[in-house]
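Here is the structure we will look at.
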Amino acid sequence: MRSSDAHISQGPEGQWLLSGGGLSCGLHVAGDGLLSLIYLGPRVEDIADLPPLRPAPHRSLSIARGGRDDRHLNYRPQLYPGTGRGDFRLPALAVTYDGGTSTDLRVTDITVSETKPALAGLPSARGDKSASLTITMEDRVAGLRVDLVLTVYSGISALTRSATITSMGDTAIEITRAASSVLDLPPGDWRMLTLGGSWAREFTEHQNLVSPGRMTVSSNRGLSGAAHNPVLALMEDGAGEGHGHVIGSALLYSGNFEISVERSEFDDIRLWMGINPEGFAWSLAPGETFACPEVVHVVSDTGLAGMTAEFHRFVRRHIVPQHWAAKPRPTYINSWEACYWDVDLAKIGALATAGTELGVDMLVVDDGWFRGRTDDKRALGDWDADPVRFPGGLAALGDTVRAKGLALGIWVEPEAVSPDSDLARAHPDWILREVGRTPSLGRNQLLLDLSQLAVVDHLFNALDTILRDSGAVYLKWDCNRYMTEYGAPEVPHRYMLGLYTLLARLRAAHPELLLECCASGGARFDLGMLAYADQGWLSDMSDPIGRLDIQSGAFRFYPPSTAAGYIGPSPGHQTNRDTPMLTRLAVASLCAARGISLSLDELRREAETLKDAVQHWRGTATLPVTGTYARCLHTADETLWQLTADDRRTVLLVYCVRTALPNAPYRRVRLKGLLDGARYRSDRDGALYSATRLMTVGFDLPMRDAMTPKGGGDLMPYGDKVAAIIQLSANSAAGGPDTSSS
Ligand code: GLA
């Protein structure tokens, strides 16, 4: 066994040690079946190194469970805590059964397996090279069984968890809170990092001290949402960018979620993750089961940077579909900000001609192509090509684009329906709404009820037909409305199960399809969607300055291989801000899927620059896909991102500055993860640097000062919103002395 292999062992006194990559998780099962979490952190090899179970002595006002003096649950660090038995923190479960509401689960069985047990109907991480522990817990009074599955992975410091609840009694059990994961962590001044914002400013980072009480990020919008992303990092006291202990967590779920952090009266930290209990209830008939979405926890002892690296590796290896995972993505022109809804065959043909001249691989026809869709007030649901604007239908559209040598991509919003559509008129019963209420509208539209099998079948056939008729190789799957008036409290989750079924069927029928998820930008960008989609549209913000925080935030957890970005218009349609072409190109270069969305006039005007841009993307296409990302600098004014190729011989640096600063200071930044002993040549000035110089001493960023005389250093354009793209290349011929001054 190598020291990063997945491995599970049992100790002599009820301990269990699960290790994978650089992570270990220690559990303790007491004689009466009480399950405790005794450790989660960097890997330990010897089970004897696990800490003992903390004593839980009597304290004033404490409750002794079942009258036993050594069972004060409020002080026990647990893994799936009950309620109503003296633990007053957030419980894993809230249920009502015939006779009570308290829960007290005890371990009845534990099995180890090298095959990861499946999680019915929900996305879950692929279990290659993993080891799983299934812990069965029962509460005979409540008539409940819970199967917890914990999985560790070889070579990756990640632990995934799921919980499946089974009713074992004679009467139905109502569940109103069901955790996917609860972790009780040691007391301390932990900080929490979350991502959120709103439309066109998703993924903004927030860091807060975990204070006494509960802090929650959540969604009750039916989609995981733009306001809070279903991820969270807990940073132990003193942890920072590159140092200290961090636990990063993410839900593999795309609907209503809750992530809460509770700091108890004794400063213990409890992390709670799962479906949002607000508005949720699920009735479990005798013998039925309910599966909670999976969660991944990642451990780092090199701060947030280490957490990011583990997340990126985990998502690439265990989450995203494998067909596109390591392949460069096609460069594309997207019709959206070029034409909005005003598309027809002639315009698409002209965009395709421009695309051929620029050298892109694909033309994406965004919204507006289907029957009657001339604005956002109509036609969603009627998924055939508009006969007037696209005579000859989808087949002719596909042929027109392919005749120019480009592949076709197409936009859909399958879950939505316009009240003014043939679909809404034919199937009012397929729409989410409540009797007696005028339906609320979001972007003039409603949602279909994906909890109905007939709806899922219909949508599968519609999507399959679009793909077959058009020959499209890429699908942008949008969803531009949050969920309201859904009727029964189990519907939002049943909707998710329907959505995942639909996505799984589509993937199975079209395994080579390049699928991009989108929800008004990043309003449903999560590991649940990424288990089916190869990439996602991070945000409708296409102004590159507006995108700096968005990309820096998203890349904390999600790798650039899952991101799409394009060169949009200037002034930006979301900000009315002018930005140089180089800055737009630079920021989009961090994403695996790189495109252009400009009007025909702009495409023609900027043709030469755009040709160079596409060439540059071709030359660096694998960097965001299989390379390593590092955030070297991200302040209110400056950003430096580093992408390093798999073999560490090519490095792409993207440096952006928001505001011009006279007499700007020199900036020297240490690069990360280069090849020891190698020498790197910069494509800007031909200077040669040793890896040591770049990583230990640092790399001098180009000067951005108008007053610096020419020849006084490596200059970049002076002004607001400027960027530099620097490529460093190492090869065997690149020997010789360091020619850069330090
Ligand atoms: C959403 C998407 C955009 C675009 C439009 C089309 O806003 O985020 O990229 O596809 O819908 O209506």
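The values are calculated or read from the model by the stated rules, or taken from the named source; none is laboratory data. This one's a predicted model, so the numbers in the text were calculated from it and none came from an experiment. Counting neighbours? That spans all protein chains shown, and the Cβs are built from the backbone with ideal geometry, glycine included. With ligands, DNA and RNA removed, areas are computed over all heavy atoms of the protein, side chains included. Shrake-Rupley method; radii C 1.70, N 1.55, O 1.52, S 1.80 Å.
Results for (1) under 29 Å from residue 168 (Cβ atoms); (2) in a loop (DSSP other than H, G, I, E, B); (3) in contact with an Asp or Glu (Cβ under 6 Å, 6 or more places away or on another chain); (4) without any contact (Cβ under 8 Å) to a residue 60 or more places away in the chain, shown as yes or no for each residue.
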{"site": "249", "(1), (2), (3), (4)": "no, no, no, no"}
{"site": "261", "(1), (2), (3), (4)": "no, no, no, no"}
{"site": "267", "(1), (2), (3), (4)": "no, yes, no, no"}
{"site": "270", "(1), (2), (3), (4)": "yes, no, yes, no"}
{"site": "273", "(1), (2), (3), (4)": "yes, no, no, no"}
{"site": "278", "(1), (2), (3), (4)": "yes, yes, no, no"}
{"site": "283", "(1), (2), (3), (4)": "yes, no, yes, no"}
{"site": "315", "(1), (2), (3), (4)": "no, no, no, no"}
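Being among the aliphatic types (A, V, I, L, M), within 30 Å of residue 571 (Cβ to Cβ) and at pLDDT below 85 holds for only one residue in 660, 664, 733, and it is 664. Screening residue 662 against (1) of a type outside the set (Val, Ile, Thr); (2) in a strand (DSSP E or B); (3) over 22 Å from residue 591 (Cα atoms) leaves a single unmet condition, (2). Summed over the stretch 295-305, residues that are of a type outside the set (A, V, I, L, M) and either open to solvent by less than 10 Å² (accessible area, probe 1.4 Å) or in contact with a Phe, Trp or Tyr (Cβ under 9 Å, 6 or more places away or on another chain) (or both) total 3. Do we have residue 386 as within 27 Å of residue 602 (Cβ to Cβ), within 16 Å of the ligand (Cβ to nearest atom), assigned by TED's automatic domain parsing to the domain that holds residue 443 and not hydroxyl-bearing (Ser, Thr, Tyr) here? Criteria met by residue 386.
For the stretch 637-668, taking the residues that are of a type in the set (Val, Ile, Thr) and open to solvent by less than 10 Å² (accessible area, probe 1.4 Å), the one that is nearest to residue 561 (Cα to Cα) is identified as 644. The residue of the stretch 324-344 that is farthest from residue 251 (Cα to Cα), among those that are surrounded by fewer than 21 Cβ atoms within 10 Å (Cβ to Cβ) and without any contact (Cβ under 8 Å) to a residue 60 or more places away in the chain, is 344.
Within the stretch 246-289, work out how many residues are among the hydrophobic types (A, V, I, L, M, F, W, C) and under 20 Å from residue 522 (Cα atoms).
6
Screening residue 63 against (1) over 26 Å from residue 162 (Cβ atoms); (2) in contact (Cβ under 8 Å) with a residue 60 or more places away in the chain; (3) of a type in the set (Val, Ile, Thr) leaves a single unmet condition, (2). Residues of the stretch 325-368 that are assigned to a strand (DSSP E or B) and away from the ligand (no atom under 11 Å from the Cβ): 332, 333, 362, 363.
So if I check each of 610, 674, which one is buried (at least 18 other Cβ atoms within 10 Å of the Cβ) and touching a residue at least 60 places away in the same chain (Cβ under 8 Å)?
On inspection, the qualifying residue turns out to be 610.
Being farther than 18 Å from residue 500 by Cα, among the polar types (S, T, N, Q), within 16 Å of the ligand (Cβ to nearest atom) and open to solvent by 10 Å² or more (accessible area, probe 1.4 Å) is the filter here, so list the residues in the stretch 442-480 that pass it. Scanning the stretch 442-480 gives a single hit, 444.
In the stretch 487-500, the count of residues that are in the same structural domain as residue 595 (by TED's automatic domain parsing), outside any helix (DSSP H, G or I) and within 25 Å of residue 328 (Cα to Cα) is zero. Quick check on the stretch 290-303. Is at least one of its residues in contact with a strand residue (DSSP E or B) (Cβ under 6 Å, 6 or more places away or on another chain), in a helix (DSSP H, G or I) and not assigned by TED's automatic domain parsing to the domain that holds residue 646? So far as the stretch 290-303 goes, yes, one or more of its residues are in contact with a strand residue (DSSP E or B) (Cβ under 6 Å, 6 or more places away or on another chain), in a helix (DSSP H, G or I) and not assigned by TED's automatic domain parsing to the domain that holds residue 646. Against the numbered list (1) more than 13 Å from the ligand (Cβ to nearest atom); (2) surrounded by fewer than 22 Cβ atoms within 10 Å (Cβ to Cβ); (3) not β-branched (Val, Ile, Thr), residue 432 comes up short only at (2).
It is to be established whether one or more residues within the stretch 68-76 are surrounded by 17 or more Cβ atoms within 10 Å (Cβ to Cβ) and farther than 20 Å from residue 30 by Cα. Scanning the stretch 68-76, I find no residue that is surrounded by 17 or more Cβ atoms within 10 Å (Cβ to Cβ) and farther than 20 Å from residue 30 by Cα, so the answer is no.
Hey, among 438, 400, which residue is of a type in the set (S, T, N, Q) and not in a loop (DSSP other than H, G, I, E, B)? Working first, answer last.
Values: 438 fails: not in a loop (DSSP other than H, G, I, E, B).
Checking each option against the conditions leaves just 400.
Please state which one of 347, 377 is at pLDDT 95 or above, out of contact with any Leu (no Cβ under 9 Å at 6 or more places or on another chain) and of a type outside the set (Val, Ile, Thr).
One residue alone meets the criteria, 377.
Answer yes if at least one residue in the stretch 314-323 is open to solvent by less than 10 Å² (accessible area, probe 1.4 Å), closer than 30 Å to residue 300 by Cβ, away from the ligand (no atom under 16 Å from the Cβ) and among the aromatic types (Phe, Trp, Tyr), and no otherwise. Yes. Restricting attention to the stretch 609-645, the residues being under 21 Å from residue 721 (Cβ atoms) and among the hydroxyl-bearing types (Ser, Thr, Tyr) number 3. A single member of 454, 424 is of a type in the set (Gly, Ala, Ser), more than 27 Å from the chain's Cα centre (by Cα) and closer than 21 Å to residue 371 by Cα, and it is 424.
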